[in-house]
Amino acid sequence: MPFTLDADAILAAITTIARAHVTGVRVAFDYDEWPDAPPAIHNASQAIHLTGFPGEDGTGFLYQYGGSDLAIWTMRVPLYTVVADSATTSRARAWALPYVARYPEAFRAHIHLDGAITAGSVSFDEEARIVRALGDDWPGYDGFYIVRHVLTVVTKGGVTNAA
């Protein structure tokens, strides 16, 4: 069976892990489900997770030819945790700080790459940072306090090359 990358399945798994295993995340949205503006956030344990789409915000997909029978896909996925709205920014730093560590802990324990993948890894190889907007396409998030992570997923699998 030739190697294929099911990016949608990987992105769905990322959203599921954030929803179920990152403490304090009230609701998690997949890359094509984002609301135009998040609901109000009244305390530290009501964060909203947004799984971004690779290729936006400086991330992307990379295919590498790993030899005559190996394919390697690297996917960098932006992850956003909306922790405070503009009305509660005085508490935003204290609310955001735990999420910097919660994401790596949750993904280390719960992401499992399987299926046609013969090898795989995930890492947070870019520093987490605070952003106050998600760009021109998402003005409803302007002024919110948002932790941005980038999850790098590397998958390798056997391919069949026809002559």
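The values are calculated or read from the model by the stated rules, or taken from the named source; none is laboratory data. In this text, all values refer to a predicted model and were calculated from it rather than measured experimentally. Note that each Cβ is placed from the backbone with ideal geometry, even for glycine, and that neighbours are counted across all protein chains shown. Side chains included, ligands, DNA and RNA excluded: accessible areas come from the protein's heavy atoms. Shrake-Rupley method; radii C 1.70, N 1.55, O 1.52, S 1.80 Å.
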query = Only one of Thr15, Thr51 is open to solvent by less than 20 Å² (accessible area, probe 1.4 Å), within 20 Å of Ala133 (Cβ to Cβ) and without any contact (Cβ under 8 Å) to a residue 60 or more places away in the chain; which?
reply = Thr51
ask   = Taking the condition in contact with a Leu (Cβ under 6 Å, 6 or more places away or on another chain) and modelled with pLDDT of 90 or more, does Tyr99 pass?
value = no
message = Quick check on my filter: what residues within segment 136-147 are open to solvent by 40 Å² or more (accessible area, probe 1.4 Å) and closer than 17 Å to Glu56 by Cα?
response = Asp136, Asp137, Trp138, Pro139
message = I'd like the full set of residues that are open to solvent by 50 Å² or more (accessible area, probe 1.4 Å), modelled with pLDDT under 90, in contact with a Leu (Cβ under 9 Å, 6 or more places away or on another chain) and assigned to a loop (DSSP other than H, G, I, E, B), limited to segment 112-124.
response = Thr118
request  = Please go through segment 134-162 and pick out each residue that is aliphatic (A, V, I, L, M), touching a residue at least 12 places away in the same chain (Cβ under 8 Å) and part of a loop (DSSP other than H, G, I, E, B).
outcome  = Leu134, Val159
task = Just name the residue that is most open to solvent (accessible area, probe 1.4 Å) out of those in segment 28-39 that are more than 19 Å from Ala9 (Cα to Cα) and touching a helix residue (DSSP H, G or I) at 6+ places or on another chain (Cβ under 9 Å).
result = Asp36
task = Keeping to segment 54-71, report how many residues are more than 24 Å from Gly24 (Cβ to Cβ), open to solvent by 30 Å² or more (accessible area, probe 1.4 Å) and not polar (S, T, N, Q).
result = 10
query = Which one of the conditions (1) farther than 30 Å from Gly157 by Cα; (2) modelled with pLDDT under 90; (3) surrounded by 15 or more Cβ atoms within 10 Å (Cβ to Cβ) does His42 fail to meet, given that it meets all the rest?
reply = (3)
